[in-house]
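Trainee: The following block contains the structure, expressed as structure tokens.
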Amino acid sequence: MGRTSSGGIFYGWWIVAAAFINLFFTTGMVFYGFPVFYPSFVAALGFTRAQVTQGFLIGFLVAGIPFGLLAGAIIDRIGARRVILVGTGFVGVPLVLMGSITRLWQYESLCILIVLGYTLAGPIANQVLVTQWFRAYRGRAMGYAYLGLGLGGVVAPASANILIRAFGWRHAFEFAGILTLLVLFPVGIFIVRSTPADLGLLPDGVTPLEEVKTDEQSTGIWTAIRARDFWLLLIGATLVIGAINAVIQHLIFFLMDKGYSRLEAARFLSALLASSLGGRVLVGYIVDRFQKKNTMALFYLLIGCSIPILFLAHRPLAAWTFTVIFGFAVGADYMLIPLVTAERFGTASLGKLLAILIMGYSVGQWVAPWLAGRFFDAYHNYHLAWLVVTAAGIVGAASIYAVRVPDRRESMTDAGNVIP
């Protein structure tokens, strides 16, 4: 399990707990809870539906892309801890200020700052953080950390509704922002450490000699991005993440078109996100026993193959079957990307590589739901959209399966050899 600081539990598990909390607030609560506030913006401020949904799109274009690429380099240079602390401020303070907005430009400006905070304190930094602390149980650790994102998605809509009903939407934002700051700053200051070396430790299951050889085997950033495998990983992740988000963003609309009430449709979405929690835990165990890229390909294939069940969604049994299967497979959505990246390219330039990958698949994350909406506007149904995202899921799975991962365990027995 790795060295400990006092003969007890390996400190890396405290890092996992910290990553869980970070992802719960910066990703799960913010991005799954925010849509609950949209009707309040429309009713109180006169925003259109297009205007309330474009805030984070603008944030991604203005802050997400440039700062996402920069964040990876900064993390590799100064460590994840400082980056997470800065990002926490950019998430919490704008949430507090959201309670005072009166104009559209104020809303869009704060969305840009929140996306900046998410970029610094969200998946990139926490993926690097967990990866640096774990070797033998890396998959399991990442699965537990990403439960925070999934649980945030399950809890956020109901919590936001309760706060809005009790205190109004303005005070609900202020409460959410203050709570984020009060929780994440102490976690970052007192618990998070960027690497085991900060405490004189090693990653779990690693001896000093193995640690040196792992560093030797890491692929440089420029070598990695010229590699065929890097682009296969990027294409696969972009296609599948796009398919996932196209379905999730349009699921409530689609089910209402099939005759379900808004409340029933929302329950299906909540059940889907709850099912993903089980997937995250199981995937974490599986990837510690089998090759990570094959596990990733299998779950991505399951995502693509489950989408056609939506053609039978007018039947409740089919709708629930899709919800459980797709939701379970979604548990492998983001968490396997850093594991396969580290498995293939090592950890020396992991922050930079993940920044490029996350910015790349974020294009799919935003463009695919927009395309699905355009297909619906053109044909007044989701048939073509579901066919396209099914193909995207299957092709994405094939791309991941085609990644060639060297057997690092064998290379460690061949002293002096370095993986090219």
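Trainee: Residues in region 157-183 that are surrounded by fewer than 24 Cβ atoms within 10 Å (Cβ to Cβ), under 21 Å from the mean Cα position of the chain (by Cα) and among the hydrophobic types (A, V, I, L, M, F, W, C): how many? Steps first, answer last, please.
Mentor: Let us first name the residues in region 157-183 that are surrounded by fewer than 24 Cβ atoms within 10 Å (Cβ to Cβ), namely 157-171, 174-175, 177-179, 181-183.
Right, trim to under 21 Å from the mean Cα position of the chain (by Cα) and you get 157-160, 177, 181, 183.
Remaining after also requiring among the hydrophobic types (A, V, I, L, M, F, W, C): 158, 160, 181, 183.
Total satisfying the criteria: 4.
Trainee: Consider residue 153 carefully, then state whether it is outside the structural domain of residue 336 (by TED's automatic domain parsing) and under 22 Å from residue 59 (Cβ atoms).
Mentor: Details: outside the structural domain of residue 336 (by TED's automatic domain parsing): yes; under 22 Å from residue 59 (Cβ atoms): yes.
Here the answer is yes, as residue 153 does meet what is asked.
Trainee: Looking only at residues in region 367-389 that are surrounded by 21 or more Cβ atoms within 10 Å (Cβ to Cβ) and at pLDDT 95 or above, which one is farthest from the chain's Cα centre (by Cα)?
Mentor: The selected residue is 386.
Trainee: Residues to consider are 28, 12; find the one that is within 28 Å of residue 164 (Cα to Cα) and of a type in the set (Gly, Ala, Ser).
Mentor: Result: 28 is the single residue among 28, 12 that is within 28 Å of residue 164 (Cα to Cα) and of a type in the set (Gly, Ala, Ser).
Trainee: Please go through (1) hydroxyl-bearing (Ser, Thr, Tyr); (2) at pLDDT 85 or above; (3) surrounded by fewer than 19 Cβ atoms within 10 Å (Cβ to Cβ) for residue 275 and return the number of the only condition it doesn't satisfy.
Mentor: (3)
Trainee: Still on this model: For region 11-39, give me each residue that is surrounded by 18 or more Cβ atoms within 10 Å (Cβ to Cβ), hydroxyl-bearing (Ser, Thr, Tyr) and over 22 Å from residue 199 (Cβ atoms).
Mentor: Result: 26, 27, 32.
Trainee: Then there is this: Considering only region 46-77, state which residues are surrounded by fewer than 18 Cβ atoms within 10 Å (Cβ to Cβ), without any contact (Cβ under 8 Å) to a residue 60 or more places away in the chain and among the aliphatic types (A, V, I, L, M).
Mentor: 50, 58, 61, 62
Trainee: What are the residues in region 301-317 that are part of a helix (DSSP H, G or I), surrounded by 15 or more Cβ atoms within 10 Å (Cβ to Cβ) and either in contact with a Leu (Cβ under 8 Å, 6 or more places away or on another chain) or free of Cβ contacts under 8 Å to residues at least 60 places away in the same chain (or both), if any?
Mentor: Of all residues in region 301-317, those part of a helix (DSSP H, G or I) come to 301-312, 316-317.
Checking which are surrounded by 15 or more Cβ atoms within 10 Å (Cβ to Cβ) leaves us with 301-307, 309-310.
302, 306, 309 - these are the residues of region 301-317 that are part of a helix (DSSP H, G or I), surrounded by 15 or more Cβ atoms within 10 Å (Cβ to Cβ) and either in contact with a Leu (Cβ under 8 Å, 6 or more places away or on another chain) or free of Cβ contacts under 8 Å to residues at least 60 places away in the same chain (or both).
Trainee: Let me ask something else. What helices (runs of 4 or more DSSP H), lying completely within region 19-88, carry at least 3 residues that are over 17 Å from residue 175 (Cα atoms)?
Mentor: So the answer is 38-45, 49-59, 65-78.
Trainee: In addition: Can you go through 281, 287 and tell me which one is in contact (Cβ under 8 Å) with a residue 60 or more places away in the chain and surrounded by 22 or more Cβ atoms within 10 Å (Cβ to Cβ)?
Mentor: Values: 281 fails: surrounded by 22 or more Cβ atoms within 10 Å (Cβ to Cβ).
None of the other options fit; the residue is 287.
Trainee: Would you mind telling me which numbered condition in (1) part of a helix (DSSP H, G or I); (2) of a type in the set (Gly, Ala, Ser); (3) in contact (Cβ under 8 Å) with a residue 12 or more places away in the chain residue 166 fails?
Mentor: Result: residue 166 passes all but (3).
Trainee: Among what's in region 331-346 and is out of contact with any Leu (no Cβ under 9 Å at 6 or more places or on another chain) and surrounded by fewer than 24 Cβ atoms within 10 Å (Cβ to Cβ), pick the residue that is modelled with the lowest pLDDT.
Mentor: 346
Trainee: Out of curiosity, is residue 85 assigned by TED's automatic domain parsing to the domain that holds residue 149 and surrounded by fewer than 17 Cβ atoms within 10 Å (Cβ to Cβ)? Steps first, please.
Mentor: Details: assigned by TED's automatic domain parsing to the domain that holds residue 149: yes; surrounded by fewer than 17 Cβ atoms within 10 Å (Cβ to Cβ): no.
In short, no.
Trainee: May I ask you to list the residues in region 10-47 that are at pLDDT below 80 and among the hydroxyl-bearing types (Ser, Thr, Tyr)?
Mentor: 32, 38
Trainee: Let me ask something additional. Answer yes or no: is there a residue in region 348-366 that is buried (at least 21 other Cβ atoms within 10 Å of the Cβ), aromatic (Phe, Trp, Tyr), under 23 Å from residue 146 (Cα atoms) and within 18 Å of the chain's Cα centre (by Cα).
Mentor: Yes; the residues of region 348-366 include at least one that is buried (at least 21 other Cβ atoms within 10 Å of the Cβ), aromatic (Phe, Trp, Tyr), under 23 Å from residue 146 (Cα atoms) and within 18 Å of the chain's Cα centre (by Cα).
The values are calculated or read from the model by the stated rules, or taken from the named source; none is laboratory data. Remember, predicted model here, so these are calculated numbers, not experimental data. Every residue, glycine as well, gets a Cβ built from its backbone with ideal geometry; the counts of neighbours run over all protein chains shown.
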